[in-house]
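See structure below.
The values are calculated or read from the model by the stated rules, or taken from the named source; none is laboratory data. Source: prediction; values computed, not measured. Neighbour counts run over all protein chains shown; Cβ positions are idealised from the backbone, glycine included.
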Amino acid sequence: MQTRKIPLGRKIHLGLKHFGYSLRHMRLSTAVILLILTAVALVSLLPIVYVICNAFKPLEELFLYPPRFFVRNPTTQNFTDFMYATDVSTVPFTRYLFNSVVVTLSATALIIVSSLCCAYAFSKLRFPGQKGLFRMITIALMFSPEAVVITRYLVVNRLGLIDTLWAHILPHLALPMGVFLIKQFMDQVPNSLSEAAKIDGAGEMRILWSIITPAVLPAVGAVLIIAFQNVWGDMSTSTLYTVSESMKTLPYFVSSLTSGLTASSVARKGATAAAGLLMLLPNFIIFAVLQKSMIETMVTSGIK
Amino acid sequence: MDKVSLRNVWKIYPGAKTAAPAVRDFNLNIGDGEFMVFVGASGCGKTTTLRMIAGLESISRGEILIDGKVVNNLSPRQRNIAMVFQNYALYPNLTLFENMAFGLRLRKMEKYRISELVNQKAKKLEIDHLLDRLPKDVSGGQRQRVALGRAIVRDPSVFLMDEPLSNLDAKMRVQMRSEIIRLHRELGTTTVYVTHDQTEAMTMGDRIVVMNGGVMQQVGTPEEIYNEPANRYVAGFIGTPPMNFIPGRLEKTQKGYAFSNRMFLLDVPAEKITPAIARYVGRDLVGGIRPEYMSVRPMTGEGRPANHFAGRLELSELVGADRFLHLRYDETDTLVPPVIVRGSVRDKFDPGTMLYVTADMGMFLFFDVNTGMRII
């Protein structure tokens with residue numbers, strides 16, 4: 001029998017090819033850094049794996065002590081439970097889902113449109129007070145939403161939006177991070193592009209949509225991820241600005257599954273686990289699709 | 001009628017670090033069909049002036065007229081101009097066809113007219129086979145053609161070109177240069193062309209504007225600019241190698257007049273002595289002579305040539321058909337720069353050789369020491 005010999009001197013590529021590395025040529029320091037980064041990546045992956053596993057665990061595994069990380073006997077029972085859990089509530093599960101979808105889609109779209117317009121004005125136009133205004137936006141990056149919750153409530157209340165879907169959308173609309181990211185990206189688009197379009201006879205809106213926006217799509221992708229995650233997972237608008245059950249969104253419903261209802265909370269443990277996965281899924285998909293533009297934007301903007 | 005007129009145009013940037021205006025009191029009339037070149041070192045205000053004509057930059061003072069109409073407050077689209085940018089400024093997300101059609105679409109032209117026009121102009125520029133590609137998929141020269149195509153397809157009343165060839169390699173630049181000249185001859189559209197390259201300016205322009213520090217130094221045909229520069233700046237800027245400037249003094253001698261300094265005395269022909277220069281007798285001035293109006297010969301026994309001075313060869317540069325000889329005539333003062341003589345290939349001497357330099361005094365120019373203006 002013939003044995004095939006692998007030539008020792010050959011470079012071994014372990015999927016690192018496009019980094020320009022091969023194991024043989026790798027320096028020790030690079031190898032150590034790669035190892036550490038791999039470990040960090042695995043650790044940050046743990047919660048996601050845990051949520052996925054939990055969603056498929058049968059009840060006895062969910063209450064196992066000490067808890068087990070991976071699922072032994074996967075079941076879809078939790079998802080069925082989750083659907084039935086809504087039977088007892090006055091508003092069907094689909095209403096929460098509908099609210100969430102409408103709110104998330106419209107808020108994300110509006111955030112992107114407003115961030116693009118705002119960033120364009122800061123990046124390509126000249127107007128008095130420009131620097132000061134942009135500084136305000138940069139400062140706004142530092143405030144957490146909790147810090148402005150009272151003023152937000154007052155604004156929403158005065159506008160008469162309490163207990164409407166707008167109350168979910170409007171507070172999310174101004175996204176300083178979105179303006180900042182897109183503006184930084186737009187700054188790299190040469191001015192001569194917009195000037196050429198201007199000479200060709202295009203107005204500002206046309207320049208923004210036809211010429212500039214296609215050039216900053218990676219940043220738009222990144223903002224889409226951020227905006228989507230902000231709105232999709234936000235429960236606060238439901239608790240703060242809405243009264244009737246039919247105006248509340250999915251995250252509120254999911255959290256109400258466990259909180260408050262102490263008697264049934266044990267029974268709903270599985271449903272919650274399933275709901276957790278369902279809440280995570282859209283984020284996961286969006287990020288998987290747009291991660292390239294996310295990374296590109298973060299690298300060029302210098303923000304983490 | 002003048003196609004483009006600039007009247008006392010100023011550009012002052014508010015909040016600029018220097019108080020000096022970017023463009024100062026600029027006056028120019030550009031005739032219909034003329035190819036006007038703005039040339040100058042970077043930061044001289046040539047691009048700013050062009051951008052003011054385009055409407056991309058506001059005008060601080062004065063007025064600009066296109067087709068006899070004041071356009072100060074008109075937007076770029078209302079001025080009916082087309083501009084070619086240094087970095088081409090092609091829309092990266094649109095195909096070459098769409099790049100050229102963009103302006104036409106905005107003018108709500110019928111689709112069949114657009115496709116007809118774009119294809120016709122693309123054929124003229126030999127890019128018709130590339131029209132469905134994206135800008136990133138074609139070469140620099142081809143991108144430049146598309147940028148030109150985008151300009152000509154709209155049939156504007158003025159073309160503005162901002163250093164359109166500076167991103168191309170040397171060979172491509174020469175080719176595109178002749179192409180732009182050909183295009184201009186065919187279309188006859190008034191063109192304002194900005195460049196820092198004097199060869200481009202000399203070869204392309206019907207007239208040239210030389211600018212420095214935001215001030216127009218001279219406007220004239222290439223011949224005028226080269227042979228009758230208005231001042232030392234223009235004389236030194238145009239021409240490679242540049243004009244030689246030799247400090248000296250105008251003196252009256254027994255034979256007539258002579259230009260002299262510590263090292264030599266050169267007779268000035270009587271016909272050059274005009275009333276303007278006569279006032280400078282006995283005063284310091286700067287003599288200027290182009291390298292091609294001087295020649296060298298070795299110091300051998302057969303008598304001295306007339307109107308010569310001696311110089312030690314410091315550097316000899318062979319550039320194809322010519323040889324540039326750098327000669328130091330004043331070895332006591334290292335601050336006095338060497339003169340450069342455009343010699344022939346045969347003028348091959350070892351560095352350090354002493355040579356006779358003869359100047360064609362009929363081509364000698366004189367400049368005022370203080371103002372730098374040409375006297376004759």
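Listing for the model above:
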read-out	value
Complete set of residues in the range B:87-101 that are of a type in the set (Phe, Trp, Tyr) and at the interface with chain A (Cβ under 7 Å from one of its Cβ atoms)	B:Tyr91
First in the range A:153-178 and assigned by TED's automatic domain parsing to the domain that holds A:Cys117, second anywhere and at pLDDT below 95 and among the acidic types (Asp, Glu), Cβ under 9 Å, 6 or more apart	A:His168/A:Asp234; A:Pro171/A:Asp234; A:His172/A:Asp234
Qualifying residue in the range A:171-178 (condition: among the aliphatic types (A, V, I, L, M), out of contact with any Leu (no Cβ under 7 Å at 6 or more places or on another chain) and part of a loop (DSSP other than H, G, I, E, B))	yes
Search result, residues across the range B:274-300 that are surrounded by 14 or more Cβ atoms within 10 Å (Cβ to Cβ) and either at pLDDT below 85 or touching a His at 6+ places or on another chain (Cβ under 9 Å) (or both)	B:Arg297
The range A:15-44: number of residues that are modelled with pLDDT under 90, surrounded by 10 or more Cβ atoms within 10 Å (Cβ to Cβ) and either under 30 Å from A:Thr272 (Cβ atoms) or of a type outside the set (Ser, Thr, Tyr) (or both)	7
Residue satisfying all of: in the range A:191-205; more than 7 Å from every other protein chain (Cβ to nearest Cβ), out of contact with any helix residue (DSSP H, G or I) (no Cβ under 6 Å at 6 or more places or on another chain) and not hydrophobic (A, V, I, L, M, F, W, C); surrounded by the fewest Cβ atoms within 10 Å (Cβ to Cβ) among these	A:Gly203
Failed criterion for B:Met161 (all others in (1) buried (at least 17 other Cβ atoms within 10 Å of the Cβ); (2) of a type in the set (A, V, I, L, M); (3) more than 14 Å from chain A (Cβ to nearest Cβ); (4) within 28 Å of B:Asp32 (Cα to Cα) hold)	(3)
Boolean, B:Gly103 is over 30 Å from the mean Cα position of the chain (by Cα) and surrounded by 18 or more Cβ atoms within 10 Å (Cβ to Cβ)	yes
Total residues in the range B:72-86, condition farther than 17 Å from B:Ile180 by Cβ and within 13 Å of chain A (Cβ to nearest Cβ)	7
Residue in the range B:360-375 that is buried (at least 16 other Cβ atoms within 10 Å of the Cβ), touching a residue at least 60 places away in the same chain (Cβ under 8 Å), touching a Ser or Thr at 6+ places or on another chain (Cβ under 9 Å) and not in a strand (DSSP E or B) present	yes
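Conditions (1) part of a helix (DSSP H, G or I); (2) at pLDDT below 95; (3) assigned by TED's automatic domain parsing to the domain that holds A:Pro176; (4) under 30 Å from A:Lys248 (Cβ atoms), marked per residue:
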position: A:Ala109; (1), (2), (3), (4): yes, no, yes, yes
position: A:Ile112; (1), (2), (3), (4): yes, no, yes, yes
position: A:Ser115; (1), (2), (3), (4): yes, no, yes, yes
position: A:Ala119; (1), (2), (3), (4): yes, no, yes, no
position: A:Arg126; (1), (2), (3), (4): no, yes, yes, no
position: A:Ile139; (1), (2), (3), (4): yes, yes, yes, no
position: A:Val149; (1), (2), (3), (4): yes, yes, yes, yes
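Residue by residue, here is whether (1) assigned to a strand (DSSP E or B); (2) in contact (Cβ under 8 Å) with a residue 40 or more places away in the chain; (3) in the same structural domain as B:Ala22 (by TED's automatic domain parsing) holds:
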residue	(1), (2), (3)
B:Val209	yes, yes, yes
B:Tyr233	no, yes, yes
B:Leu250	yes, yes, no
B:Ala258	yes, no, no
B:Glu292	no, yes, no
